[in-house]
Amino acid sequence: MGVAWELQKAVYAVLSTDAALLASAVTGVFDDVDEDYEGFPYITVGEDNIVERDTDGSEGYTASITVHIWSRVKSQQEVKTLQGLVYTALHRVPLTITGFDCILCRQTEQISLRDPDGQTRHGVQTFELIIYRS
């Protein structure tokens, strides 16, 4: 498998087993959900961007991956609380990525907003990684 899928699986594994997230109100961590899913709040592991950074002697990548939080509470408090838990679970934590060594995982951006439907609160976090093949 390529680095993108292994990265997706690693982030999912961390978030879906994190004790603090499991103790929160989160109903699950998903790769994707059906449009009519109503189990708020939940987390999806979203988009990634992989850039090759090979050296003469090794296969390397700079990657970014996005985590989304979805809530229907009429306040940003739930989203921002869950963003804090996601930050703690991933920021500067050495991810275990099958076939690769993760040199760095750090949050580079955090946004919270109201979706166009007027009901859903949406948190978006982007994490940057430096990865080399083991």
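Each reported figure results from applying straightforward, stated rules to the coordinates on display, with no laboratory input. Model, not experiment: these values are computed from the prediction. Please note: Cβ atoms are built from the backbone with ideal geometry, for glycine as well, and neighbour counts cover all protein chains shown.
Tabulated values for the structure
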read-out	value
Computed P(r) (all Cα pairs; region 1-116; 10 Å bins; percent)	12, 44, 30, 11, 2, 0
Mean separation of Cα contacts under 8 Å, 6 or more apart, over the residue count of the chain: relative contact order %	24
Backbone N under 16 Å from the Asp117 label point (7 Å along Cα→Cβ), restricted to region 55-78	68-75
Listed peptides 28-34, 78-84, 45-51 by packing density, highest first (mean Cβ within 10 Å)	78-84, 45-51, 28-34
Nearest 10 degrees, 0 to 90: helix 3-17 Cα axis against the chain principal axis	50
Degrees separating the helix 77-90 axis from the principal Cα axis of the chain, which is the longest one	20
Extension reserve of the Ala4-Ala19 stretch, reckoned as 0.36 nm per residue once the Cα distance is removed	2.9 nm
